[in-house]
1. In nm, to one decimal, how far is the modelled label at B:Thr373 from the one at B:Ala143, with both set 7 Å along Cα→Cβ?
2. Could you pull the Cα extents of the range B:266-317 along its three principal axes, largest to smallest, in whole Å?
3. What's the average, rounded to a whole number, of partner chain beta-carbon atoms within 10 Å of each residue's beta-carbon in B:193-200?
4. Could you work out the pair-distance distribution P(r) of the range B:184-279 from its alpha-carbon pairs, with 5 angstrom bin width and percents rounded to whole numbers?
5. How large, in Å, is the range B:164-222 by the Kirkwood hydrodynamic radius built from its alpha-carbon pairs?
6. Given all pairs of different Cα atoms, what value in angstroms does the Kirkwood hydrodynamic radius of the range A:1-145 take?
7. What distance in nm separates the two pseudo spin-label positions at B:Ala183 and A:Thr161, each 7 Å out from Cα along the beta-carbon direction?
8. Using 1/(1 + (r/R0)^6) with R0 = 56 angstrom and r between the beta carbons of B:Asp500 and B:Arg83, what's the FRET efficiency to the nearest 0.05?
Amino acid sequence: MKIYATYNIKGGVGKTTAAVNLAYLSAEQGHRTLLWDLDPQGAASFLFRIKPRVKGGGRALIRGTKTLDAAIKGTDFDDLDLLPADFTYRNMDLLLDDSDGKPTRRIAQLLRPLAGEYDHVFLDCPPSISLVSENVMHAADVLLVPIIPTTLSLRTLDQLTEFVAGFNGRRPEVRAFFSMADRRKKLHREIIQDLSSERAVVSPTVIPSLSVIERMSVERAPVTAFAPRTQAARAYRALWAELTAAEPARAGGHHARPVPASAVAS
Amino acid sequence: MTPDLQDFQLDGGVGEAPAGGQARGTSQANHSIQAVLDALAPAFGIVPERGATGSGTRRRTWLDTFDWRLDRAGLALTYENARLGSRLLLTANTANTANTAKTGQDGTSQAEQPAAGWQPRRPALAEDLPEGPVRDRIEKLAAPRALLPVVTTSTTVSVNRLTNPDGKTVARLIVEASTVTHAGVTAKLPTRLTVAEVRGYPAQARRAARLLADAPGIVPATKTLLEEALSALRRHPADYTNSVDAEITAQMRAPVAVATLLLRLLDTLEQNVDGVIRDIDTEFLHDLRVSVRRTRSAIKLLGDVLPAGLAEQYGPEFKWLGDLTTPTRDLDVHLLGFPAMTEHLLAASPEDLEPFRVFLARRRAREFKALATALRAPRFRTLTEHWRKALVEVRDAATPPKRRQVRHLTAAELATTRTTRVFRKVAAQGGAITQDSAPQSLHDLRKRCKELRYLLEFFAPLYDPVAYKKVIGDLKQLQDCLGEFQDSEVQREEIRVLADAMLAERAAPAATLLAMGEIAAKLAEAQAEARADFSRRFARFAGPEGQQRVRTLLDEAGANTQ
């Protein structure tokens, strides 16, 4: 089970759209995929038309009185499940701090029993620097950082990279990519050009700022699903291809997958 | 999946449609589908899901051995050809349609493998299937039998999303419309409906199932698709067996019981003829020979109750038929045992035996040709036709009027008197065998035991099942021991004869003859072991306790006629 987390201290940089689209592409290839909407605003849950509610709230999950498994909902797409957001997640820092064991490792611990069930897990984080984000960084194998092409964003990325480098033992791989990039803006163009070559952690794939991505909230589906041939969908596809370049493809994949047993089983 | 979800089907009989054409009654089916959608509409939005996993049209062919070995082991093997390619799929034979379509899970017994370039048009040995997990699972189970296409269906699967007010899919309705085509006639099977659960929304799936259960014209599906398809062809799974299961009752008049029994044996014999002639696998001939042997024993031991002359006329004919099949079967036995034989070689290497195998295969081809020719010839056809006619006459003859003080012999009386007689012979002959007895005495005892076994099996419905099973179990142990003893000797003798024949044909390298000698030595060893085991097994079956068991079994059957 490989865990990806979309993270940025800033809000509105395209974390949720990236998590939703990349999780969809993972499932489309036949990987059993789970997306955990950790943001109390519940944008990812909304995009999959799933109510942002977990029985017993964040407290039950963090304390372990309710397993993650029991809270998972199937999306409309094969191989893609969602662990919904809940408004009580806004207090998750307190809950984590209150939990037994290491408070920075609780999310990793909670995810462990799902290892046999999922190939990929995506964690969609709320924008903050908190105990939740630290938990996420410890749980993730890959930290996906969407950055808007501005100088300030770059400073934040450098701070994050340093912070992760300071971890003892296991550290997630940091992969940043430009998000909401506007090619009409000279500054965007310059920063993208300079930085892609300067920093190895920055992906050459750029997610442009496009209205079709905003339409996701109207369609309530990933853009890669409802408009798969658009530039936006192609950009997410390229990003996913880049992320999985070193990973062996799952035998079959969604479209090559044989018809399910049941239809022939009688 | 929620446990109380079940498959449903549209109520209505099986219809017929011209081959290649649209099944008749389609508009009626559409109408019923509309009724299904109407039943669900108050609770759910219904959105057809185009391109859903599992949707589309696919052809499925069920494969099994002639004697249904996979079905009897609780398995169903299908070859499926759909848009995404062909594959072989092994499931539990109770698995019921598409309610696992979205999860792709179907218990632990499931296996599947791609089958590109393979077609189930003709029988194939399991070892000839494409390599993969399905073949691995069934190879031993099916061997040495071939897998035959049992029935082919064509199914159009459509999937509908059932949505909540947010437009979220909370369950799926899978509709399967199937037809089965046989001999140019296409029959429409009942349309099946399955509610598939979406994870995290079990209540909605249950609700949809309840709505379907309450809707008029929708009934729970109780049969698997295979059962439905076979039922449309007036067949059912496992409709061939080599066991004697004639419907005999204790009060039946003895001639009627014997004719009924012989007709059942004739059915089995005839069911196997085509498979023998087409040389599909070796077991068709085996089953045919068993039927012939049983028929000959029945004629010998019970034939006197048939009208005068019948047993005398047909006894020799069935001996002819049995003898006709012997050379091919003997060679089959050698060839089937070949892999095991080579495994036991110590001094020689398996390659040394290859010329022997080639020689056996050549001989087998020659003998088989003669057998197939004889089975196509008028003598065989006349034998079976006339025999059937004669038996049907006996079976259907009106009961003769009862004269005063003359009571007709019943099936139970016939069973007990004849079985007692043969059992006594077995007990006496076996009891007289000592360490110094000649092999022939064991061979003779083996024949008696076979007769006893057949008699017990012929009248099995008259006995208490538990007591019967115990007696048959002990008898089988004894028969296995006697069989090992005699077969080892016969095979050893055959190897000697075959070695002579190979020498005469200059087909015998020295290394091959040496390897054959090693096999003969191994057979002698097996024979000695069987001989050493005889007394114990005989005592268990025909010692004082065994005798009491047989007496009780027969007495109880006899008491049923009083």
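1. 3.4 nm
2. Each principal axis gives a Cα extent; for the range B:266-317 these are 39, 17, 14 Å.
3. Numbers: counts 0, 3, 0, 2, 1, 5, 7, 11.
Averaged over the peptide's residues, the number is 4.
4. Percent of Cα pairs in each bin: 2, 9, 12, 11, 11, 11, 10, 8, 7, 8, 6, 3, 1, 0.
5. On the way: mean 1/r = 0.0744 Å⁻¹.
Taking every pair of different Cα atoms in the range B:164-222, averaging 1/r and inverting gives 13.4 Å.
6. Working: mean 1/r = 0.0679 Å⁻¹.
This gives a value of 14.7 Å.
7. 7.9 nm
8. Values: r = 61 Å, r/R0 = 1.08.
Approximately 0.40, to the nearest 0.05.
Coordinate-derived values only; no laboratory data. Given the structure is predicted, the values throughout are model-derived calculations rather than measurements. Using ideal geometry, Cβ is built from the backbone for each residue, glycine included, and neighbour counts are taken over all protein chains shown.
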